[in-house]
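Every read-out reported here was derived from the displayed coordinates using simple, explicitly stated rules and does not represent laboratory data. The model shown is predicted, which means the values in this text are computed figures rather than measured ones. Positions of Cβ are generated from backbone atoms using ideal geometry, with glycine treated the same way; all protein chains shown enter the neighbour counts.
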Amino acid sequence: MRFIALSLLLVSFASAARIADVTVPSNQRTNVVTGLGLVYGLKGTGDGGDFQPAIRMVASALQKFDNPVSVVDLKAVKNVALVSLTATIPATGGREGDPIDVYVTSLGAAGSLKGGRLFVTPMRGPIPGSGIFALSEGALLLEDPSTPTVAVVKGGCVMESDLRSNY
């Protein structure tokens, strides 16, 4: 009889679940930071001079470095692409200096992002107006060669300020 009671007691302890294993604390979830950037160094597979959003962004970037050019001057540019960026901050939060993978997707007419490099791009927080939480940059890696307009920069999004989960 003692053996049966002891066996039942051990079985109940072995199958017990911790509260943390079956629940998620309030407000603990992943967050996404996003950006709009430029990939450069493409071998003629970029958006091209006809895709004005990319060309305007190149002209704006050059002006910030005291090199004013007109959009007309950039008509032949085919080595840049306008891209969207997303990085997922883990549910445990992100701390200043943490590197996170950033996913890059072409928004324009680029045929391929292969061989490109992401220009330094600010990453905005998950709530409109919440500010810049990270900067992204680095060499692109195609995860699937059959989809050359989607890439990743491993550890390319570096947190500039803390983005913590409230738990």
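Reported count of residues in the stretch 121-145, each being free of Cβ contacts under 8 Å to residues at least 60 places away in the same chain and of a type in the set (A, V, I, L, M, F, W, C), is 6.
Taking the criterion of being surrounded by fewer than 16 Cβ atoms within 10 Å (Cβ to Cβ) and either part of a loop (DSSP other than H, G, I, E, B) or acidic (Asp, Glu) (or both), the residues of the stretch 49-77 that qualify are ASP50, PHE65, ASP66, ASN67, PRO68, VAL69, SER70, VAL71, ASP73, LYS75, ALA76.
Looking at the structure I just gave you, is GLY125 over 13 Å from the mean Cα position of the chain (by Cα) and small (Gly, Ala, Ser)? In short, no.
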